[in-house]
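For reference, the structure is listed below as structure tokens.
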Amino acid sequence: MIDFAARFGDNLKRCRKRADLSQEDLSHLASLHRTEVSQLERGLRLCRIDTLVKLSASLEVSADDLLAGINWSPGNYRPGGFVERGEG
């Protein structure tokens, strides 16, 4: 089982360092609080979609870069339905 928050945090930290930005620099560019960037990088929280957009734009990377290694594989789906029962 993938820890989504931890994987996202690793990706965020890697992209931030590649951009040669501190957490504080990134927080200013993305209009976020520095503690939020820190919590995201440490996998303590998941980001909202608007935060994902802010971070990817500020780092000049795609959202795919921040979501690398986070995949969804649908499970089996068995629809329910009514069955006819005998009387009595």
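The values are calculated or read from the model by the stated rules, or taken from the named source; none is laboratory data. Remember, it's a predicted structure, so these values are computed and weren't measured experimentally. Note: ideal-geometry Cβ built from the backbone for every residue, glycine included; neighbour counts use all protein chains shown.
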For the stretch 63-88, how many residues are touching a helix residue (DSSP H, G or I) at 6+ places or on another chain (Cβ under 8 Å), over 16 Å from residue 26 (Cβ atoms) and surrounded by fewer than 15 Cβ atoms within 10 Å (Cβ to Cβ)?
-> 2
The residue that is modelled with the lowest pLDDT, considering only those in the stretch 6-61 that are among the hydrophobic types (A, V, I, L, M, F, W, C), surrounded by 17 or more Cβ atoms within 10 Å (Cβ to Cβ) and under 12 Å from the mean Cα position of the chain (by Cα), is 47
